[in-house]
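Let me begin by presenting the structure, written as structure tokens, before commenting on it.
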Amino acid sequence: MIDPRVASGLRDLTPAQALRRERMLARFRDVFARYGYLPIETPHIERMEVLTGKGAGSEEVLRQIFEVTNKGGTPGELALRFDLTVPLARFVARHVEQLGTPFKRYAMGAVFRGERPAKGRFREFTQCDFDTVGSESVVADAETVQVVHDALAAIDAPAFTIHLNDRRILDGLLETLGISDRKAAVLRALDKLSKAGREAVASELGQATGAGLSAEAIGRVLEVAERGRGEPDEVLGRAGEWFGSSPTAAQGLSQLRRVVDLVAAGGVERARIRLDLGLARGLDYYTGIVLETTIDGLERMGSVASGGRYDNLASLFTSRRLPGVGASIGLDRLLAVLEEAGATPAADGTVPVLVTLFPGVEPEIALRLAARLRSAGIGAEVFPDPITVGKQLAYGSNRGHRLGVIVGPDERERQVFNLRDLTTRVERRGLAWEAVVSEVRAALDAGAVRP
């Protein structure tokens, strides 16, 4: 007999878990659509050269790619996608003439990484992405922050903070220190600061690319990363002294200040926004604004939504300049963090009404009443077996149904039904079949059946 367990880093989803996910996805779709983003889908499997092209991802991510080889296929030719951004760049490069620019898209789907499993970290997980391609406007940058804010607010997430930076600020710092040639290694080390701590990152910076940084350079980099955190006005007020006359850093600081102002104008509370000038993000393709979002008090579990500007990624696939900016909400990480916070949304049943199948009563009656409810837009499930009605109602209560429709032999003769609230157990009797829609709707709207 085969062991039914799943492979490490993967998991099954129970109906309660799947329902929570579906409802969160629906709210995210609604937010994305209200901002004008359009849905697209790309394959789970991409050509390896698409995913591993220069600038597509960091070395760490590329090491985690799952290669796919079918029988008789060519090894190293295909792989499972590790995010939804690189496939977007390929998609836009191929279809840009048809799509036009700016092009705003959202996509939700599974991605795959061979990383070590941990709480909130899986080898298959769902990302909810939205992006604007074909615009370098700071308005698009600010809108990305707004959408992250509104999406989390739409699911009633507990207090959260959106951390912002601009990669040009760090680029300018490295130019000033004369270590731009070690940029990738330095940014990868900085990306670990919040988890690994100062000493570990300083040690890694000292060994960067084999040559290492000087003690002075390490001190300057860590000073910016540590002192550059906080309320936007405070950080921006003291940031100029750290970068000398670097035009690159000045450009990043100016853009960051503008994003903060525009986000506030768009209705995001300033208390939600913090600057983090050491924020680098682990992917190599970011060129401007970068963001990460954490649930307050649970920062140790990592970011639940992140992203940034990537102006050169599409150059892997086309000579046409197609700058982009966007973010991704990690659904599985978000659910794990919400569970840790005790804020997991309720997972009721998919329909509010259970129509019972009374022993000795023709099932056609239950099917007709349920069909009337469904035709009126009210979800209804018919219990398939004529067992004890009490057991049927207990089933409905356990599955999250709110109301039970009961037709016994006496009700059949009089062409009436009884309507029970499965939470309060209050029951109204003798309601006409013709009124099943209006009676059920009134009970649902009132929140309870009243005697």
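Data table
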item: Residues (surrounded by fewer than 21 Cβ atoms within 10 Å (Cβ to Cβ) and part of a helix (DSSP H, G or I)) located in region 336-368; result: Glu339, Glu340, Pro363, Glu364, Ile365, Leu367, Arg368
item: Conditions (1) modelled with pLDDT of 90 or more; (2) in a helix (DSSP H, G or I); (3) charged (D, E, K, R): number failed by Glu241; result: (1)
item: So Gly297, is it part of a loop (DSSP other than H, G, I, E, B) and more than 23 Å from Asp141 (Cα to Cα); result: yes
item: Selection from region 369-397 of residues that are assigned to a loop (DSSP other than H, G, I, E, B) and crowded, with 18+ Cβ neighbours inside 10 Å; result: Ile378, Phe383
item: Test for Asp311: is it surrounded by fewer than 18 Cβ atoms within 10 Å (Cβ to Cβ), touching an Asp or Glu at 6+ places or on another chain (Cβ under 9 Å) and in the same structural domain as Ala185 (by TED's automatic domain parsing); result: yes
item: Test: residue in region 335-347 that is in the same structural domain as Thr161 (by TED's automatic domain parsing), under 30 Å from Phe103 (Cα atoms) and out of contact with any Lys or Arg (no Cβ under 7 Å at 6 or more places or on another chain); result: no
item: Some residue of region 277-288 being in a strand (DSSP E or B) and surrounded by fewer than 21 Cβ atoms within 10 Å (Cβ to Cβ); result: no
item: Residue among Leu373, Leu393 that is in contact with a Gly (Cβ under 8 Å, 6 or more places away or on another chain) and touching a residue at least 60 places away in the same chain (Cβ under 8 Å); result: Leu373
item: Verdict on Gly404 being surrounded by 13 or more Cβ atoms within 10 Å (Cβ to Cβ) and either in contact with a Cys (Cβ under 9 Å, 6 or more places away or on another chain) or in a strand (DSSP E or B) (or both); result: yes
item: Test: Ala26 is among the aliphatic types (A, V, I, L, M), more than 30 Å from Ala189 (Cβ to Cβ) and in contact (Cβ under 8 Å) with a residue 40 or more places away in the chain; result: no
item: Residue ID - surrounded by the most Cβ atoms within 10 Å (Cβ to Cβ), chosen from residues in region 78-110 that are assigned to a helix (DSSP H, G or I) and of a type in the set (D, E, K, R); result: Arg90
item: Some residue of region 398-413 being more than 40 Å from the chain's Cα centre (by Cα), on the phi > 0 side of the Ramachandran plot and not assigned by TED's automatic domain parsing to the domain that holds Glu97; result: no
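The values are calculated or read from the model by the stated rules, or taken from the named source; none is laboratory data. Note that the structure is a prediction, hence the values are computed from the model and not measured. All Cβ positions, even for glycine, are placed from backbone atoms using ideal geometry, and neighbour counts span all protein chains on display.
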